[in-house]
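Colleague: What follows is a single structure, and I will ask about it in a moment.
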Amino acid sequence: MPVRHPLRWVAAAVMLVLVAMAVNTLVTNERFNWPEQFEYIFAPQIMNALYNTVWLTIVAMVGGVVGGVLLALMRLSDNPILRAISWFYLWVFRATPLYTQLLIWGSLGALFPEIGLGIPFGPVFVSWETNTLLSAAAAAALGLVLNEAAYMAEIVRAGILSVDEGQREAAGALGMSRAKTMRRIVLPQAMRVIIPPTGNETIATLKNTSLVAAVPFAELTFQAQNIYGRTYQVIPMLIMVCLWYLLLSSILMVGQHFLERHFGRSERGAARPARPAALLSSGREQTGGGGGGGGSGDGGGG
Amino acid sequence: MSGEPMVRAEAVHKSFGRTEVLKGIDITVAPGEVCCVVGPSGSGKSTFLRCVNHLEKINAGRLWVDGELVGYRQRGDKLYELREKEVAAQRREIGMVFQRFNLFPHMTALENVIEAPVQVRRENRAEARERALALLERVGLADKTGHYPGQLSGGQQQRVAIARALAMRPKLMLFDEPTSALDPELVGEVLDAMKALAEDGMTMIVVTHEMGFAREVGDSLVFMDDGVVVETGPPREVLAGPRHERTKAFLSKVL
Ligand SMILES: Nc1ncnc2c1ncn2[C@@H]1O[C@H](COP(=O)(O)OP(=O)(O)OP(=O)(O)O)[C@@H](O)[C@H]1O
Ligand SMILES: [Mg+2]
């Protein structure tokens, strides 16, 4: 019998050889020093760093979603001042690298040693030392939240715009206020469009936490650097934190899968909009540009 | 007829940018009257209907529903626009049914109907539910209460939309081509529901191309063209013997 797809078989064979070679080096190259690495996987510093990575991701996403909804509503409001503020915010936070933003939040104490409450240009009533008010943890969280809010705003806006205008009219004709229409009618429908890219954002944010080393704050990557600074086991240590990132990302991907199934089902029989392939595509890259919005919203302009 | 009309429009003007869509509309609808509005596409029928519940702001003229100025307050000679809350309060009293149904797709038929009574009128949920079930039964959908709009035919969706509007106990119902988006075999069930509503004494303004409905159910017929009311009168008379050339030309095309 002739082989039906000769190229597939050749490609598979090449892949097998490459994988075998990789495994071979990993196992036989003494310099990886695996026994020692495995001890670090659950070391207290790494556990603590893992904890920091997780809560930073959660705080960044919760804060980012809340801020994103606010910014999106401002952007879509009738008030030109609110629109301008939102536009400006998105412009600044999306057009500058997250790493640089984090450096700024981490160094704020040097620029403003004290932060006070008082009358502008007048007396100051209370004041705090910036470095106590804005600890490294707070600076890291703040930096991630402010950045994430800008990206979430575009996603939420695209979601809101995806809801048919007739929905707002029908709610308005029933005497619903605009706020209630937004909460009861528009946002629940916008979820279908908002959820998939938000899942991608969460995974991107998880990876972005590695940038808070700029603050500096001790999350996984930063702690790995600390350790290999002492042990000189650079690559094994980095492979190890990658395993942690892989595990966390995979958990998020599974969660995303179920969330999407749930929100797809809540509108039984209704036409569903096309959505980007969800499970394995991560919206944007680390210091990144693209913003994974659900289609219509790239808000650099107007 | 005596007493206050349910709807009174006087010289209503409406422009979008530079195009004037309504060029001085005068219409009076008495309580319990079914007023059918016909006319060619683009003549401003939908726009007028949307002015009646202030989905569109009028640029000049006056519009009253049940003796109340719609969307504005008059002080002396000047008109002041009402605040969002006050506009919403006026809209509660006016039901609207859209050509494309505009049901809320994330809610079942029953949830669609109880949404506004509970959220807007703050009615007790259990009572609202009872009434919603009765309303759905009245439009022949007692067995579809748990279905989502996407699981219903166009005719069924439109009947849910009618029930949803009625749940607010409106004193006036506006219909904007309620059967135009339906397959021909589904038109009858919606018109039947509207006819039953008319027989119950509801005041209705119906934009439609269904001349049979206008003749049978309508108390008055308004023919609009190019932003003005060309002719108005009892449906049978206007349909049988239109006085204006434009009416004749239009009717000869649709009858
Ligand atoms: N929001 C809007 N902005 C600009 N122009 C509009 C708007 N709404 C309606 N128009 C214009 O106003 C005119 C009247 O529209 P309207 O929808 O009232 O007509 P109609 O009589 O309901 O027509 P049809 O039978 O096709 O529904 C049309 O020329 C339309 O293009
Ligand atoms: Mg129309």
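Colleague: Do you know which residues across the range A:63-85 are touching a helix residue (DSSP H, G or I) at 6+ places or on another chain (Cβ under 8 Å) and either farther than 21 Å from A:Met191 by Cβ or not in a helix (DSSP H, G or I) (or both)?
Modeller: A:Leu76, A:Ser77, A:Leu82, A:Arg83, A:Ile85
Colleague: Looking only at the range B:37-51, count how many residues are under 23 Å from B:Gly67 (Cβ atoms) and surrounded by 24 or more Cβ atoms within 10 Å (Cβ to Cβ).
Modeller: Final tally of qualifying residues: 3.
Colleague: Filter the range B:3-61 for residues that are within 14 Å of chain A (Cβ to nearest Cβ) and of a type in the set (Val, Ile, Thr); which is farthest from ligand 1 (Cβ to nearest atom)?
Modeller: B:Val52
Colleague: While we're looking at this one, here's another question. List, please: which pairs have Cβ atoms under 6 Å, are six or more places apart or on different chains, and start with a residue in the range B:44-59 that is over 14 Å from A:Gly172 (Cα atoms) and end with one that is more than 13 Å from ligand 2 (Cβ to nearest atom) and among the charged types (D, E, K, R)?
Modeller: Pairs that qualify, where the first residue is over 14 Å from A:Gly172 (Cα atoms) and the partner is more than 13 Å from ligand 2 (Cβ to nearest atom) and among the charged types (D, E, K, R), are B:Thr47/B:Lys14; B:Ile58/B:Lys14; B:Asn59/B:Lys14.
Colleague: Can B:Met168 be described as more than 10 Å from chain A (Cβ to nearest Cβ) and at pLDDT 95 or above?
Modeller: no
Yes/no per residue for (1) over 27 Å from B:Lys253 (Cα atoms); (2) at pLDDT 95 or above:
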site	(1), (2)
B:Arg8	yes, yes
B:Ser15	yes, yes
B:Arg18	yes, no
B:Ala30	yes, yes
B:Cys36	no, yes
B:Lys45	no, yes
B:Val52	yes, yes
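Colleague: If only one of B:Val37, B:Val70, B:Val65, B:Val29 is under 23 Å from B:Leu239 (Cα atoms) and away from ligand 2 (no atom under 16 Å from the Cβ), which one is it?
Modeller: When all the criteria are applied, what remains is B:Val29.
Colleague: When both residues are 6+ apart or on different chains and their Cβ atoms are under 7 Å apart, which pairs have a first residue that lies in the range A:48-59 and is over 16 Å from A:Ala139 (Cα atoms) and modelled with pLDDT of 95 or more, and a second that is charged (D, E, K, R) and crowded, with 16+ Cβ neighbours inside 10 Å?
Modeller: Final answer for the pair search is none.
Colleague: Output the residues belonging to the range A:136-168 that are within 14 Å of another protein chain (Cβ to nearest Cβ) and without any contact (Cβ under 8 Å) to a residue 40 or more places away in the chain.
Modeller: A:Val163, A:Asp164, A:Glu165, A:Gly166, A:Gln167, A:Arg168
Colleague: Would a scan of the range B:68-81 turn up a residue that is assigned to a loop (DSSP other than H, G, I, E, B) and within 11 Å of another protein chain (Cβ to nearest Cβ)?
Modeller: no
Colleague: Say we look at the range A:169-210 and pick out the residues that are touching a residue at least 60 places away in the same chain (Cβ under 8 Å) and hydroxyl-bearing (Ser, Thr, Tyr); which of these is surrounded by the fewest Cβ atoms within 10 Å (Cβ to Cβ)?
Modeller: Step by step, filter the range A:169-210, then rank; the result is A:Ser210.
The values are calculated or read from the model by the stated rules, or taken from the named source; none is laboratory data. Being a predicted model, the structure only gives us computed values, none of them experimental. All Cβ positions, even for glycine, are placed from backbone atoms using ideal geometry, and neighbour counts span all protein chains on display.
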